[in-house]
Amino acid sequence: MAFFKHFKLFLHSTKYVQFDASIKYNTFFSSGAVLKSNENIIYPNVKTFKHQHITLISLNRPDDKNSLNVATLDDLRKAISNFENDSASTIAVLYGEGGSFCAGIDFDELSKAPQIYNEFLQSNCQKPIIAAVSGFAYNFGFDLCLWCDMRIVEENAVMAIDRKLNISKSKIFLKRLLKTIGYSRTMDLLLTGRDVNSKEAFECGLANRVVACGSSVGQAVNMAFNIGKFPQQSINYDRSIIHKIISE
């Protein structure tokens with residue numbers, strides 16, 4: 001119960017987490033240190049917070065609905081790498097600040113460096129990661145949802161492939177989508193670009209849980225806390241097999 005009391009206080013702090021802007025990620029990486037309980041680390045566009053065995057990672061561009069540019073993706077990769085290298089942290093929760101998960105990407109930057117986005121999608125996190133989805137999960141935000149192991153989706157959340165943008169989807173995203181929801185539904189979303197609400201997302205397998213607005217992070221942490229009690233070696237081995245099957 002102590003964990004949940006602590007986390008309730010954590011959620012009711014300003015926008016989930018209070019971060020000390022004086023903490024620089026370079027300090028941690030140059031020293032080779034990892035996050036300890038109740039410590040946090042801030043990058044220009046991504047925040048992390050750790051409690052016990054759970055690492056919370058948040059996209060922090062709320063004015064742009066957490067859309068990704070090259071710099072933000074680089075920050076995200078660093079945060080995930082730090083989580084993977086932290087032996088005391090077994091599972092992560094990924095979410096967006098300000099009410100939206102991730103509304104897409106910077107189209108101009110993507111056209112200049114598409115390989116950066118594709119390389120990220122082709123990678124696999126070495127430990128379980130849960131997406132706490134609120135607001136918009138469009139384009140690369142949709143890709144990022146499927147990149148995670150599970151999705152806790154708020155009632156008002158929407159996922160979509162925006163067909164107004166002249167961008168082809170990556171092969172690995174299409175493969176994940178196809179294996180998640182099947183051929184007919186994949187073609188539906190791919191060709192129409194329509195919004196998928198939380199109810200449909202749950203019915204077709206895109207969402208593992210649908211929860212009340214504002215509660216996705218708390219529900220994801222609750223799930224992460226329970227998953228973290230199991231033997232992690234066997235969990236991560238089974239995950240690796242699943243990822244290998246998907247990538248074939």
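List of remarks:
- Extreme residue, positive dipole direction of segment 156-224, given options N208, L174, S184 (C-beta unit charges): L174
- Projected label points at L165 and F230, each 7 Å from Cα along the beta carbon direction, are separated by 3.4 nanometres.
- Given charges at Cβ of Lys, Arg, Asp, Glu: segment 80-140 dipole, positive-most of I130, Y117, S100: I130
- Across the protein chains, with a 1.4 Å probe defining accessible surface, the residues V70, V153 rank V70, V153 from largest area downward.
- Length added when fully stretched, I246-Q115, from 0.36 nm per residue minus Cα-Cα: 45.2 nm
- Computed from backbone phi, the HN-Hα couplings of segment 131-144 come to 8, 9, 9, 10, x, 9, 10, 9, 6, 5, x, 5, 4, 5 Hz, rounded to whole numbers (Karplus: 6.51 cos²θ - 1.76 cosθ + 1.60, θ = phi - 60°; Gly and Pro given as x).
- On the beta carbon distance between D63 and D238, with R0 = 35 Å, the FRET formula returns roughly 0.30.
- The accessible area of I105, taken with all protein chains in place and a 1.4 Å probe, comes to roughly 40 Å².
- Exposure ranking of V46, V158 by accessible area [1.4 Å probe, largest first]: V158, V46
- HN-Hα J in Hz across segment 180-193 - Karplus 6.51, -1.76, 1.60, θ = phi - 60°, x for Gly and Pro: 7, 10, x, 5, 4, 5, 4, 5, 4, 5, 5, 8, 8, x
The values are calculated or read from the model by the stated rules, or taken from the named source; none is laboratory data. The model shown is predicted, which means the values in this text are computed figures rather than measured ones. Because the Cβ atoms are built from the backbone with ideal geometry, glycine has one as well, and the counts that use them run over all protein chains shown. The protein model used for the area step is the full one, side chains on, heavy atoms only, and it has no ligands, DNA or RNA in it. Shrake-Rupley method; radii C 1.70, N 1.55, O 1.52, S 1.80 Å.
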